[in-house]
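K.L.:
My questions all concern the structure below.
The values are calculated or read from the model by the stated rules, or taken from the named source; none is laboratory data. What you see is a predicted model, and the numbers here were worked out from it, not measured in a lab. Using ideal geometry, Cβ is built from the backbone for each residue, glycine included, and neighbour counts are taken over all protein chains shown. Areas reflect the complete protein model, heavy atoms only, side chains present, ligands, DNA and RNA absent. Shrake-Rupley method; radii C 1.70, N 1.55, O 1.52, S 1.80 Å.
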Amino acid sequence: MPAPRGPRRRKARRRADMPLLGGARPPIAALLALLLAVAGTTALLLGDRGDTAADTAVLTSQQHVAEDGALSLRASLDESITDLERAAAQFSGAGSAAPDTVLDSLGKVYNKWRGTAVVDPAGGTLLAARGENIPLATVLKGPAGKAGANGGAKDDKDGILGPRLVKLPSGETRMLVVTALRGGEGTRLLVASGTLNVPGISADEDRSLLVIDSAGTVLASDGPSVARKSWAREARRTAAAESAKTPEAAGGHPGASGHLMGERRGDARTVVGYAAAGRAPGESSAAGALGLSVITSVKVTGDPTAVRTQTFGLAAAGILLVLAVLVVWVLLRTLQRPLLRLYLESRRLARGELDRPVRRFKGREAARTGAALESLRGQLLGGRPTRAGRARGGFGTRSTVVVCALVLLAWAAPLLLFLNRPGGSVSVPRQLVDDQRRRTDTASDRVRKALNEGWADVASVAQTLAAGARTGDAAPADGKDRAVADRAVLERTLREHGRYRSVYVIDGKGEVLSRAGDSPRHPAGKPPRADGVAQLATSGKEPSVAAYAAVPGAGGRAVVGEYDPQFLISMVTRPGLGQVWLVDKGNRILAADRNHGFRAFSALPSGHLDALADTARKHDGRTTGTATLHRAGGSSDIAAAAPFTGGGAVRDLDWQVVSSQPTSWLELPEYTAQRRTMLAGLLGVSAAVACLGWLHIVVVRPLRALADRAEALAGGDRKTVLFPQHHDEVGAVVRNLELIRQRLARPSGRN
C-alpha cells in the first residue's frame, strides 16, 4: 500500500515527531481542570445550609461544658483518692496511731468526705467512725462480690483496696475509697465515702446535669428532671457505650465526648453535651477507671438567622467558569500554537526544505525566533549571517502569563479579602454567652479547689512533722536526725504532687530549716504567713504563690509549698474557651492559657476586660461570673469573669479567672460563610499560582532563552552547541536549531 500523501501525510509525520509529554500542554490542561474543580467546590461550599452552623456552635459549646464537668469530676475524685492514700501512708508504721486519732487528724485537714471509718478486715469489726454510716459489707467485698480473707488487705488479692461506687438504701450513690493502714497491730482498712457531683457547673431552670456510670445508670442529677426524655436515654446510652474510649490525638479530651440535638417543640429545642470522665493512654487516674460520664442539657429558644449564600456561590462559580475558558483560550492562542508552528518551521529548515519563507509570528519571543529562522534560511541558501531579522515588538509571553494571573486573582482576591465579611454585627445566640460565663465559673472553681487542695496537702505534711516531733521527744534524737526525717517527708510530698516547685520548712524568723525542690522564695527574715494561700510578689518574671501551714506545737515553724507556675497555667487551659487569664486583685496576670502566652504581672489586653473584672468582684448572687458580648472596631468577643468564691485557704486572695472568646472563632453562620468564601478564594489563588508558575518555568523562561539562542545563531555564532534541556516543544526547536548549526558549520554551508 503506498504511503499517504498531502495533508494526511504531513499530519501523520507531525504526530510521529511531536513530543507527547512536557511543554505547554500539561500546565494548561491542569489549570483548566483545577479551575473547573474550584468552580464546583465554590458552588458546593457556599450552598445554603440554613441554621445548621449556629446549631453546631451551640452543640460544640455544650460538649465543652460537659468536658469541663467531666474533667472537674475526675480531678476531684482523683484528689480525694490520693489524699486518703497519702494520709494512710503517713499514719502507717511501727508506731501507728490509734483509729480515733487517725480520723480526728483527717477531719482537721480535710472536710471533703461525708463519712470516714477504720475497719479490721479480719473480722469486719468497726474500730472507729466519723460522719455518715459506711456500708461495711460493701467494703469487705471485692469487685466479684467475694469477702476478703484474713489479712487480705495486705496484698489486696481480693480487690478490696481502691475506689468503688455503692448505692445506699436511700437511693443515693457514694464513692467509697478503701486504703490500707499498716502498723504494728496488723493491717487495717481506712475507708472514706464521698458524694458524686459536678464541681463548678451550676444548674438552673433550663439546664440539667447528670452523672452516669458505664451501664447508663443515673448516679447524680441536678436541675429539671429529664429521666423520661428520649434524648436523655440516647445520651446515656451513647456516653455509656463510649465511656472507655480515649482520643487518639494528643491534647484531646481524655475520654469520649460529643453532642446531640434534641427534639424541637415550637421555638425551643434541647441541646445535649456528654463527656466521659476517662483517662488518656498512659495516664494514671483511679477515678478514670470508674466509667463515669457527665451529661448536660439546656433548652435553646429561638432560631438563629439563616445566612443565604447559594446565589452568591453560583454566581462566583459561573464567573470563574467564564474566566477559566477565556484564560485557557488565550494561553492556547499565544503560547501553545506559536510553539507548535515554530517547531514545524524549524524542522522544515533542518530537513533542508528551504523553498518557502518562514511565516511571521505574533508575540515577542515567537516573532524573534521566527525572524531568526528566516535569516538562517537565507544563510542556508548561501547568504551571509545577519541580524537584520531581529524582531523586538509584540506582546511578550511573560506579560501574557502575568495578565492571565491578574485576571484569575481579580476573581480570587475579593473572595479572600473582602466579600462575605460579617463585621461586628454578628448575631450571637445568648446561650453562647451563658456558656462562656458558666465555663469561666467552672475554670475559676477548678483553680480555687486546686489551690485549696494544695494547702490541705501542706497542712497534712505539717501534721506529719508535728507527729514526728512528738515521737522524737518521747525517744530523744538530735536535731540533725529530725531534719533528715523532715526532708524525707518533703521530698515524698514533692514527688507525689506535681503542683509544687518546692516544699520547705521555716522557723518563726523565716529561716529555712529543710527543703525539697527549687530555692525558696519566702522573704528572708520575715515570719511565716498565716495559714492559707498567699501571693508572695506583685512583680517580677514569674508569679510566686505559696501555701502556708503551721506545724502544731512547733514554736512558730511552718511548712510552705510553692506552686509551680506551670501548674497554674494547666488549670486555666481549656479548649474552646478562647483566651483565659488568672488575675490577682490588681487585675495583674498570674497565669494564662499556654496556647497564647503571657507576661507575668502584665495588664489585661483590653480595657473592657478590666471593667468586667471589677464588675464581677461586686457581683452578688449564686452565679458569681459575669459575661458580656463586647463589640468594638468591627469585631466582637464574648468575655466573662469569675472571682473565687466559697472560702477556704484562698479566701484572702481576691483572685478571679477572666476569659475572652472572639466571636470569629465560633461556628456561627456568618463566620462559616466567611471562612468558606476565603477557602474558595484561596483555592483559586493556589490553582492560578501553581499552574501559571509551572507554565512560566517550563515554557516562558525556556522560550525567552530560545529566542536569544536563535538570534545568536543567526548572527554568526557557529561554535556554541545547542543542547535541548527538556523533551517538549522548546526542546524540539532547540534540537532543530542544532541541526541547522551543524549544516551551516560545514564548508559547503548547504550539505
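K.L.:
Within the stretch 380-419, how many residues turn out to be closer than 22 Å to Ala324 by Cβ, modelled with pLDDT of 80 or more and part of a loop (DSSP other than H, G, I, E, B)?
P.N.:
So the count comes out to 2.
K.L.:
Under 7 Å by Cβ, and 6 or more places apart or on different chains, what pairs join a residue from the stretch 488-509 that is over 11 Å from Pro520 (Cβ atoms) and modelled with pLDDT under 85 with one that is open to solvent by 10 Å² or more (accessible area, probe 1.4 Å) and of a type outside the set (S, T, N, Q)?
P.N.:
Listed pairs, sorted by first residue: Glu496/Arg86; Gly498/Phe567.
K.L.:
From Val560, Val533, grab the single residue that is touching a strand residue (DSSP E or B) at 6+ places or on another chain (Cβ under 9 Å), among the β-branched types (Val, Ile, Thr) and closer than 14 Å to Ser502 by Cβ. Break it down into steps so the answer makes sense when it comes.
P.N.:
Details: Val533 fails: closer than 14 Å to Ser502 by Cβ.
Val560 is the lone residue from the list that is touching a strand residue (DSSP E or B) at 6+ places or on another chain (Cβ under 9 Å), among the β-branched types (Val, Ile, Thr) and closer than 14 Å to Ser502 by Cβ.
Matching residues to (1) polar (S, T, N, Q); (2) closer than 30 Å to Gln63 by Cα; (3) assigned to a helix (DSSP H, G or I); (4) open to solvent by less than 10 Å² (accessible area, probe 1.4 Å):
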residue: Gln661; (1), (2), (3), (4): yes, yes, no, no
residue: Thr672; (1), (2), (3), (4): yes, yes, yes, no
residue: Leu682; (1), (2), (3), (4): no, no, yes, no
residue: Val700; (1), (2), (3), (4): no, no, yes, yes
residue: Phe723; (1), (2), (3), (4): no, no, no, no
residue: Glu738; (1), (2), (3), (4): no, no, yes, no
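K.L.:
For the stretch 155-173, indicate whether the set of residues that are part of a strand (DSSP E or B), modelled with pLDDT under 80 and either at positive phi or not basic (Lys, Arg) (or both) is non-empty.
P.N.:
Among the residues of the stretch 155-173, not one is part of a strand (DSSP E or B), modelled with pLDDT under 80 and either at positive phi or not basic (Lys, Arg) (or both), which makes the answer no.
K.L.:
If I ask for residues that are at positive phi and open to solvent by 40 Å² or more (accessible area, probe 1.4 Å), which ones from the stretch 112-132 would you list?
P.N.:
Within the stretch 112-132, just Gly131 meets the criteria.
K.L.:
Right, here's the next one. Would you be able to tell me the number of residues in the stretch 633-652 that are assigned to a loop (DSSP other than H, G, I, E, B) and within 18 Å of Thr442 (Cα to Cα)?
P.N.:
5
K.L.:
Which residues, taken from the stretch 256-275, are of a type in the set (A, V, I, L, M), at pLDDT below 80 and open to solvent by less than 20 Å² (accessible area, probe 1.4 Å)?
P.N.:
The answer is Ala256, and nothing else.
K.L.:
If you don't mind, another one. Which one of the conditions (1) within 27 Å of Ser92 (Cα to Cα); (2) in contact with a helix residue (DSSP H, G or I) (Cβ under 9 Å, 6 or more places away or on another chain) does Glu491 fail to meet, given that it meets all the rest?
P.N.:
(2) is the only condition that Glu491 fails.
K.L.:
So, one more: Evaluate the stretch 347-360: report whether one residue or more is open to solvent by 50 Å² or more (accessible area, probe 1.4 Å), within 60 Å of the chain's Cα centre (by Cα) and over 12 Å from Ala710 (Cβ atoms).
P.N.:
The initial filter retains those residues of the stretch 347-360 that are open to solvent by 50 Å² or more (accessible area, probe 1.4 Å), namely 351, 353, 355-357, 359-360.
Subsequent filtering for residues that are within 60 Å of the chain's Cα centre (by Cα) retains none.
No, the stretch 347-360 has no match at all.
K.L.:
If you go through the stretch 276-283 one residue at a time, do you hit one that is over 22 Å from Gly171 (Cβ atoms), modelled with pLDDT of 70 or more and outside any loop (DSSP other than H, G, I, E, B)?
P.N.:
yes
K.L.:
Okay, moving on. What are the residues in the stretch 367-379 that are open to solvent by less than 10 Å² (accessible area, probe 1.4 Å) and either at pLDDT 85 or above or within 22 Å of Phe395 (Cα to Cα) (or both), if any?
P.N.:
Within the stretch 367-379, Thr369, Gly370, Ala372, Leu373 qualify.
K.L.:
Another one. How many residues does the stretch 71-101 contain that are over 30 Å from Val211 (Cβ atoms) and part of a helix (DSSP H, G or I)? Don't jump to the end; show me each part of the working.
P.N.:
Taking the stretch 71-101 and keeping what is over 30 Å from Val211 (Cβ atoms), we get 90-101.
Adding the requirement that they be part of a helix (DSSP H, G or I) leaves 90-91, 99-101.
Of the residues in that region, 5 qualify.
K.L.:
Surrounded by fewer than 23 Cβ atoms within 10 Å (Cβ to Cβ), part of a loop (DSSP other than H, G, I, E, B) and at pLDDT below 80: does that describe Ala215?
P.N.:
yes
K.L.:
Give me the strands (runs of 3 or more DSSP E) completely within the stretch 527-601, filtered to those with at least 1 residues that are in contact (Cβ under 8 Å) with a residue 12 or more places away in the chain and open to solvent by 10 Å² or more (accessible area, probe 1.4 Å), ordered by residue number.
P.N.:
In the stretch 527-601, the matching strands (runs of 3 or more DSSP E) lie at 532-535, 545-550, 579-583.
K.L.:
Exactly one condition in (1) surrounded by fewer than 17 Cβ atoms within 10 Å (Cβ to Cβ); (2) part of a helix (DSSP H, G or I); (3) touching a helix residue (DSSP H, G or I) at 6+ places or on another chain (Cβ under 7 Å) is not met by Leu320; state its number.
P.N.:
Single failed check for Leu320: (1).
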